[in-house]
Structure formats: structure tokens, C-alpha cells
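A quick write-up on the structure given underneath.
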């Protein structure tokens, strides 16, 4: 499962994290990830990681990922 750096403060109105930050774009490019609806990924930042499902936001015309805060894993 691909691991993508995200900014969990960069959420859309539906609560999905946007995959348009520099860190996200670098990880996607470095790993050769082709985003598509339903793709399972690991989303991470400095403090924790969580499983996510990629979804395209037709209202914002960007890729996002849906995740559940309750399933996050603290990183040490």
C-alpha cells in the first residue's frame, strides 16, 4: 500500500484530506502513484498515520482521501 504525506489541516468540506500539498505531490511522484477512485493508501504526517481511500473531488477538481480519525496509529 502506497504511503502519502498529507497535511491533516488541509481538509475539504466533506472532511477528506486534500492531496495537493508539496509533500503529497512529492510522495506521489516519487512512488509513481496514479491516483484513481477507490485506491487504498496510507496517509501520514509527523505524528500519526491512517488508512485512506482516494476520491476525486468534482467540486474542487482535485484528488482527496477519505479516512477515519478513530483508526489512526500514533508514530513514535
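The values are calculated or read from the model by the stated rules, or taken from the named source; none is laboratory data. No experiment lies behind these values; they were computed from the predicted model shown. No Cβ is skipped: glycine too gets one built from the backbone with ideal geometry, and neighbour counts run over all protein chains shown.
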All but one of (1) over 10 Å from the mean Cα position of the chain (by Cα); (2) at pLDDT 95 or above hold for residue 50; state the number of the condition that does not hold. (1)
Selection count where residues are buried (at least 16 other Cβ atoms within 10 Å of the Cβ) and not in a loop (DSSP other than H, G, I, E, B), scope segment 25-34: 2
Within segment 54-76, restricting to residues that are closer than 13 Å to residue 6 by Cα and crowded, with 16+ Cβ neighbours inside 10 Å, the one that is nearest to the chain's Cα centre (by Cα) is 65
Those residues of segment 35-46 which are on the phi < 0 side of the Ramachandran plot, exposed (fewer than 14 other Cβ atoms within 10 Å of the Cβ) and modelled with pLDDT of 95 or more amount to 36, 37, 40
From the residues in segment 2-11 that are touching a helix residue (DSSP H, G or I) at 6+ places or on another chain (Cβ under 8 Å) and assigned to a strand (DSSP E or B), which one is surrounded by the most Cβ atoms within 10 Å (Cβ to Cβ)? 4
What number of residues within segment 12-24 satisfy the criterion of being within 10 Å of the chain's Cα centre (by Cα) and not in a loop (DSSP other than H, G, I, E, B)? 3
Members of segment 5-24 found to be in contact (Cβ under 8 Å) with a residue 24 or more places away in the chain and within 12 Å of residue 62 (Cα to Cα), listed by number: 12, 16, 17, 18, 19, 20
Every residue from segment 25-36 that is more than 19 Å from residue 57 (Cα to Cα) and within 11 Å of the chain's Cα centre (by Cα): 27
